[in-house]
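The values are calculated or read from the model by the stated rules, or taken from the named source; none is laboratory data. On a predicted model such as this, the values are computed, not experimentally measured, just so you know. A quick note on method: Cβ atoms are made from the backbone with ideal geometry, for glycine too, and the neighbour counts reach across all protein chains shown.
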């Protein structure tokens, strides 16, 4: 995916409200979630997406439509996160529109990666498999490790995806794809170093020390 001056807003928050996502952030996250979790093309048109978001937020869908249209056409598609996957025929409406049909959309590989960073999506295993199915064969070992980690430590694993995508949103990462060991190194921070230090220490503990440490963590968490 080519570098683009456009900015993805999924992590944008209000400056005056602590960690509260902006309307644009919520809308873009909702679009990505719908495209990641819905299989029926009918659910992936601009109108259907607008209605789903409106229903969840108890607002009129027509008031959201222009925002959804803009997010798709001016942000998500130009950034290479979403693409048109086909058109549905229309039986009513203007003849020209009936002939062209209504576009429906899908996530690209980059879009699937972004969806893995969203906490709202609870079951990410299928999305992760789909994302890696089109990955670089040279990164197979890295992909297998990430998939194993996702099963035994999902919170840790998907926090890496969140850090990775957030780095892209903050222009600290030029491109989303490819995601491999080297690109993860580029976004390594103090939290990851702390987790690494703990894991290395824990692996060297005796059996009894491991149990005591786990008991301590359970009492804290």
So residue 79, is it assigned to a helix (DSSP H, G or I), closer than 26 Å to residue 165 by Cα and not assigned by TED's automatic domain parsing to the domain that holds residue 174: no
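The rows are residues; the columns are (1) modelled with pLDDT under 95; (2) outside any helix (DSSP H, G or I).
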| position | (1), (2) |
| --- | --- |
| 8 | no, yes |
| 18 | yes, yes |
| 33 | no, no |
| 43 | no, no |
| 48 | no, no |
| 72 | no, no |
| 75 | no, no |
| 90 | yes, yes |
Filter result for residue 55 (within 27 Å of residue 170 (Cα to Cα), in a helix (DSSP H, G or I) and free of Cβ contacts under 8 Å to residues at least 12 places away in the same chain): no
Any hit, the range 129-136, residues being buried (at least 18 other Cβ atoms within 10 Å of the Cβ), more than 23 Å from residue 196 (Cα to Cα) and in contact with a helix residue (DSSP H, G or I) (Cβ under 8 Å, 6 or more places away or on another chain): yes
Where residue 161 falls short, out of the listed (1) part of a helix (DSSP H, G or I); (2) surrounded by fewer than 11 Cβ atoms within 10 Å (Cβ to Cβ): (2)
Hits in the range 105-119 - residues which are surrounded by fewer than 20 Cβ atoms within 10 Å (Cβ to Cβ) and closer than 19 Å to residue 48 by Cα: 106
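Output the residues belonging to the range 165-183 that are assigned to a helix (DSSP H, G or I) and touching a helix residue (DSSP H, G or I) at 6+ places or on another chain (Cβ under 7 Å).
165, 181
Listed residues 82, 68, 102; which is closer than 19 Å to residue 10 by Cα, buried (at least 18 other Cβ atoms within 10 Å of the Cβ) and in contact with a strand residue (DSSP E or B) (Cβ under 8 Å, 6 or more places away or on another chain)?
Every option except 82 fails the conditions.
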Members of the range 104-121 found to be over 10 Å from residue 37 (Cβ atoms) and part of a loop (DSSP other than H, G, I, E, B), listed by number: 108, 116, 117, 118, 119
Conditions (1) at pLDDT below 95; (2) over 23 Å from residue 21 (Cα atoms); (3) outside any loop (DSSP other than H, G, I, E, B); number of the one not met by residue 155: (2)
